[in-house]
Amino acid sequence: MSTLSRISVKAAQEGLFGGEARKFYYEVCRCVPFIQRAMKLEEVVSVRDMRSVVKEKFKQYKDVKDQRVIDLLIFKGRQELETYLTLHKNRHHAITEYLDPVIKRNRGHTLPAPQQSSFMDSFLQGNYTPPTGK
């Protein structure tokens, strides 16, 4: 096989299988356990669930073919990963930005409608009279 045909086959395979995007995906998946331990997310979500969130994020952009857009997405993803690895984003950022749907799905979580007690109703209706001006 000639060198030129090997290069074209390799380029086609990178297009099909992700190339740099795939490498970045594996890099993120390797960092997930550290992020989980550093942010004390063990009680909230498992490593497997966190990796599934990463997979879903990557699948959102599976149809992107423009190499410049792919490079930009990888760059922004690396920035985001770095902010989590250096702990510039806190636990609540990870939970609200990425993990809320997974947590609710795992727990079958639905918030009940808020109910007020009779005490709270009477307190809110109360005998408040606004002060009068002089």
Condition check for ARG48: under 19 Å from CYS29 (Cα atoms), exposed (fewer than 12 other Cβ atoms within 10 Å of the Cβ), modelled with pLDDT of 85 or more and not aliphatic (A, V, I, L, M): yes
Matching residues in segment 18-40 - criterion: being at pLDDT below 95 and among the acidic types (Asp, Glu): GLU20
Residues satisfying the stated conditions in segment 116-134, i.e. of a type in the set (Ser, Thr, Tyr) and at pLDDT 75 or above: SER117, SER118, SER122, THR132
Unique residue being acidic (Asp, Glu) and closer than 15 Å to LEU99 by Cβ when the list is GLU43, GLU82: GLU43
Options ASN106, ASN90: the member that is under 30 Å from VAL32 (Cα atoms), out of contact with any Pro (no Cβ under 7 Å at 6 or more places or on another chain) and at pLDDT below 90: ASN106
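The values are calculated or read from the model by the stated rules, or taken from the named source; none is laboratory data. Predicted, not measured: the structure shown is a model, and the values here were computed from it. Here the Cβ is made from the backbone with ideal geometry for all residues, glycine too, and neighbour counts use every protein chain on show.
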